[in-house]
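The structure appears below as structure tokens.
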Amino acid sequence: MAKVLIMASDGFEQSELFVPLEKLKDAGHTVEIAAPAAGEITAWDKDDWGKSVTADKAIADVGAGDYDVLVLPGGVINPDNLRTDKTAVSLIRSFAEAGKPVAAICHAPWLLAEAGLAQGRRLTSYDSIRTDMKNAGAEVVDEKVVVDRGIITSRNPDDLDAFVGAIEDALR
């Protein structure tokens with residue numbers, strides 16, 4: 001089975017972390033969470049703070065060589081925080097450079113743009129950041145899930161089944 005890394009900070013969209021976490025664990029994969037610092041991080045759930053989860057490791061203490069796939073949950077707060085974190089952006093880039101899948105949902109494609117991975121790729125995202133993705137050089141489409149050269153993207157929590165399915169396909 002695969003080893004999966006979910007990278008998040010406070011303000012991650014609750015369902016976009018917990019659904020992949022639970023489904024991938026249920027499928028037998030090892031799943032770890034990395035955040036700017038190890039310890040508790042708290043979700044955003046629709047219009048207020050939600051559940052907390054423990055980040056197993058600090059982002060600075062993980063490397064692409066230790067995992068098979070990187071999962072980036074969205075929410076507005078989480079990717080906006082992480083895209084200003086040079087260590088987080090470097091980690092995303094290192095997964096792609098190693099040919100390992102990077103899966104981003106909702107607003108998390110902001111992180112792909114920051115890492116220079118949107119340019120020339122076909123992807124999708126939450127509708128409010130599609131102009132940002134176009135400006136980053138992506139061909140943006142409105143589909144549940146898009147896979148392009150190891151980058152997996154989805155639009156929103158309604159697409160979680162397709163998103164996790166694409167991650168599972170990439171791990172086969």
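Quick look at the numbers
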read-out: Interchain or long-range residues, amide H under 5 Å from residue 55's placed H; value: 39, 40, 41
read-out: Dipole magnitude (debye, nearest 20) for the chain, charges at Cβ of Lys, Arg, Asp, Glu; value: 540
read-out: Volume in Å³ per residue [convex hull over Cα atoms, computed for the chain]; value: 93
read-out: Fraction of accessible area attributable to carbon and sulfur, the chain (%, probe 1.4 Å); value: 43
read-out: Relative contact order of the chain, defined on C-alpha pairs under 8 angstrom at six or more residues apart (%); value: 20
read-out: For the chain: accessible area per residue (Å², 1.4 Å); value: 43
read-out: Lysine pairs meeting the criterion (Cα under 25 Å, 8 or more apart or interchain), as found in the chain; value: 25
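The values are calculated or read from the model by the stated rules, or taken from the named source; none is laboratory data. Since the structure is predicted, the reported quantities are computational estimates derived from the model, not experimental observations. In this analysis, Cβ positions are derived from the backbone assuming ideal geometry, glycine residues included, and neighbour counts consider all displayed protein chains. Keep in mind that these areas ignore ligands, DNA and RNA; they rest on the heavy atoms of the full protein, side chains included. Shrake-Rupley method; radii C 1.70, N 1.55, O 1.52, S 1.80 Å.
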